[in-house]
1. Restricting to the stretch 456-489, what's the tally of residues that are part of a helix (DSSP H, G or I), farther than 24 Å from residue 273 by Cβ and either touching a helix residue (DSSP H, G or I) at 6+ places or on another chain (Cβ under 6 Å) or not assigned by TED's automatic domain parsing to the domain that holds residue 435 (or both)?
2. Say whether the condition of being surrounded by fewer than 22 Cβ atoms within 10 Å (Cβ to Cβ), over 25 Å from the mean Cα position of the chain (by Cα), touching a residue at least 40 places away in the same chain (Cβ under 8 Å) and in the same structural domain as residue 511 (by TED's automatic domain parsing) is met by at least one residue in the stretch 359-372.
3. What tally of residues in the stretch 359-383 results from selecting those that are under 23 Å from residue 158 (Cβ atoms) and not in a helix (DSSP H, G or I)?
4. Determine which single condition residue 267 fails, assuming it passes every other condition in (1) within 20 Å of the chain's Cα centre (by Cα); (2) not assigned by TED's automatic domain parsing to the domain that holds residue 195.
5. Just one of (1) touching a helix residue (DSSP H, G or I) at 6+ places or on another chain (Cβ under 6 Å); (2) buried (at least 24 other Cβ atoms within 10 Å of the Cβ); (3) under 17 Å from residue 437 (Cα atoms) trips up residue 66, so point out which.
6. In the stretch 316-358, what residues are outside any helix (DSSP H, G or I) and surrounded by 15 or more Cβ atoms within 10 Å (Cβ to Cβ)?
7. Looking at this structure, is residue 176 surrounded by fewer than 23 Cβ atoms within 10 Å (Cβ to Cβ) and closer than 29 Å to residue 64 by Cα?
């Protein structure tokens, strides 16, 4: 996906501030984006081999695992329930089909997908930056800023690709959807500038894919496509074809057989609470990127229909709607706000850098360069949690490699495999247990985080709390066990409350089938 300088010079459109050519005559100067992209791939590959992912990874593993077992008729991957799941998307269906190959498995196929996703993302980012800025130097700086130009406590969230996040979210549908979204915008922009009608097919398929794979990313893609339409410099006929392509994309989404898109968009499922981070301590996290605002304003003064200005306005508008309506899911447009500011700042820095080939830097530019370098160094320091996980395990000091935080969940819970059947319900006493159990063996009574399509989610959560309460009577616990077909209980050996529950369960006929320094797994008797 990485393009060469020759391709840039021959295909780049006329930019609002004029084109900027290749970096230098040296090999490294001409290929520095590719070199940096290769370094990123190596780092992400190392983190993937280390098995260091965020907690959502195990839900994705459970989704792929269920689709591998039942590709055409899956049920909820976490619960013993006929409910569907929003993770049953074209992305996971494709991975499940690949996972059918000998030696495949959910974790293995997602690990391979992590590398492919990041390679796709890096290529798509380069093409998008080139398309919008007409600056051959900008992609390198955009990638540098996206990785390291962060403030205090950078986001570790899907859709954000700093060094504190990219290795964690590489296998996620959101990463694939972001790359597809970038390429969809590239196709839309090229079509708007007189490109072939075949580009509309890319727009249609790309938009439908993003909406189905990661609907939260549609919160920035749709306004961005509207921005392309507003910037239109072609005739009404071309604009009509563009609108028809977007309508066809919506029609394709409505035909998706694994879940109902209208139900997903209208159902209240508690997802809002999961995205409150989009509105919490935002400025401390992203303030260095606000330097890009100056470039956006300059471009907008040159052309009021400049794409970066329109895209920033659209993304911020969606973000504001989320704040006004208390719909934090719309706040995911913040991810694209970051990308637009990064592209703008990269364009500005690239143009200043190009001018240095003709003159010496003035005092203001030298001060700006020092400030920017300082912010990048600070961003690297605040991203150390992610960077540590990219270091190969044998190279880490013992004091770090032995950290509890670096133990892979699938290794910590591997005793479940072989003891728990695929459709046997396990009640975990911690949310972390509930997240991992369905990825390895069995189902859970309740969800660890809110998800749509589960009508009795709240009822299940209360039943789990009752079941785990030592004060609950044996009769009531038996009722819950019968109703939800509970077969195992996973407790923590060092927790006094859990130790008391082990005694209660054993008094009711439960059998301890596994015990170590951390876990106790109790098998319950079958109840008629």
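The values are calculated or read from the model by the stated rules, or taken from the named source; none is laboratory data. In this text the structure is predicted, and so the values were computed from the model without any measurement. Cβ sites come from the backbone with ideal geometry, for glycine too, and all protein chains shown count toward neighbours.
1. Of the residues in the stretch 456-489, 2 are part of a helix (DSSP H, G or I), farther than 24 Å from residue 273 by Cβ and either touching a helix residue (DSSP H, G or I) at 6+ places or on another chain (Cβ under 6 Å) or not assigned by TED's automatic domain parsing to the domain that holds residue 435 (or both).
2. No, that holds for no residue.
3. Of the residues in the stretch 359-383, 1 are under 23 Å from residue 158 (Cβ atoms) and not in a helix (DSSP H, G or I).
4. Every listed condition holds for residue 267 apart from (1).
5. (1)
6. 327
7. no
Let's see how each residue does on (1) surrounded by fewer than 17 Cβ atoms within 10 Å (Cβ to Cβ); (2) within 30 Å of residue 446 (Cβ to Cβ); (3) assigned by TED's automatic domain parsing to the domain that holds residue 428:
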{"site": "70", "(1), (2), (3)": "yes, yes, no"}
{"site": "95", "(1), (2), (3)": "no, yes, no"}
{"site": "116", "(1), (2), (3)": "yes, no, no"}
{"site": "122", "(1), (2), (3)": "no, no, no"}
